[in-house]
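For reference, the structure discussed in these notes is given below.
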Amino acid sequence: MNKQYVFYVTLFTSVLLSACSSRHAPAPVSSLNTSVKSYTSKVNINGDRYTVKKGDTLYSIAFSAQQDFRTLAKNNGIPAPYIIQPGQTISFKNVPEKIKKHKKYTKPSKKSTSGIQKNNKKLKKELDQPKQREYVQKQANRKISKNNSLSSTQVKWSWPAKGTVTQRFSTKESGYKGLQITNKKGVAVFAAAQGTVVYAGNALRGYGNLIILKHNDDYLSAYAHNSKLLVKEKQDVKAGQKIAEIGSSDSEVTALRFEIRYRGQAVNPEKYLP
């Protein structure tokens with residue numbers, strides 16, 4: 001009886017060891033955040049064109065290409081609310097190819113040339129008058145001042161998280177284009193201003209679990225490397241609302257990467273934050 005028992009124990013052990021040694025693939029790893037969708041293909045802009053993949057939005061593509069989403073939509077004939085489909089081609093050229101190919105130069109007629117010259121002389125004569133020149137200059141300055149005040153006062157910014165700033169904005173082409181705010185995993189990430197979630201996912205290469213908020217037609221803000229996302233696309237959020245938790249997704253550091261984009265271009269967040 002004892003010999004038979006020893007035989008079965010030996011047999012079971014050898015089978016178990018054989019099974020363990022034959023496993024070459026790693027054990028499955030579950031996602032830390034079940035609310036974040038995972039996609040095999042990620043946004044990686046190379047060249048003048050990009051083919052839309054599952055999980056992409058016009059905002060995420062424009063963000064990755066550092067372009068204004070409105071310009072991208074206009075050049076590709078995409079109307080609001082800017083819905084795109086997998087397989088669709090997005091062009092990054094300023095002028096659509098169809099217009100470039102069919103646009104031909106036509107030499108202006110003598111009649112139209114003489115008319116333009118006449119109008120230019122008349123305009124020059126009017127502007128040469130001191131009062132008229134002064135009035136035009138005042139109107140131009142007033143328009144510029146109004147535009148600047150609108151873009152700066154419409155968004156009231158606040159800090160997106162507590163922690164230590166370990167990287168700052170760099171003006172170099174390959175430099176860091178935001179603020180790195182380091183803290184422990186799970187620390188709250190807040191909306192830096194009131195806005196709408198235009199992207200929430202992890203399809204952008206190098207940003208991990210990312211949220212992009214649209215504040216107005218000029219400003220976007222981005223919150224990257226989160227461990228958990230607490231908002232969904234098309235959701236309106238208030239300034240100071242908790243939208244995520246700090247993590248290290250697609251990063252070697254447990255920290256929040258915070259960016260502000262003005263018309264597609266990254267700007268120094270410290271110039272806007274109180």
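Quick test of your reading of the structure: Gly175 fulfils all but one of (1) touching a His at 6+ places or on another chain (Cβ under 6 Å); (2) without any contact (Cβ under 8 Å) to a residue 40 or more places away in the chain; (3) among the small types (Gly, Ala, Ser). Name the failing condition by number.
Here Gly175 meets the rest and fails (1).
Restricting the search to the stretch 217-248, which residues are within 14 Å of the chain's Cα centre (by Cα) and open to solvent by 40 Å² or more (accessible area, probe 1.4 Å)?
Selection gives Asp217, Glu233.
Restricting to the stretch 249-272, count the residues that are within 17 Å of Tyr59 (Cα to Cα), aromatic (Phe, Trp, Tyr) and surrounded by 15 or more Cβ atoms within 10 Å (Cβ to Cβ).
Summing the residues that are within 17 Å of Tyr59 (Cα to Cα), aromatic (Phe, Trp, Tyr) and surrounded by 15 or more Cβ atoms within 10 Å (Cβ to Cβ) in the stretch 249-272 gives 1.
The values are calculated or read from the model by the stated rules, or taken from the named source; none is laboratory data. Just so you know, these numbers come straight off a predicted model, no measurement behind them. As a convention, Cβ positions derive from the backbone with ideal geometry for all residues, glycine included, and neighbour counts pool all protein chains shown. These accessible areas exclude ligands, DNA and RNA; they are computed on the full protein's heavy atoms, side chains included. Shrake-Rupley method; radii C 1.70, N 1.55, O 1.52, S 1.80 Å.
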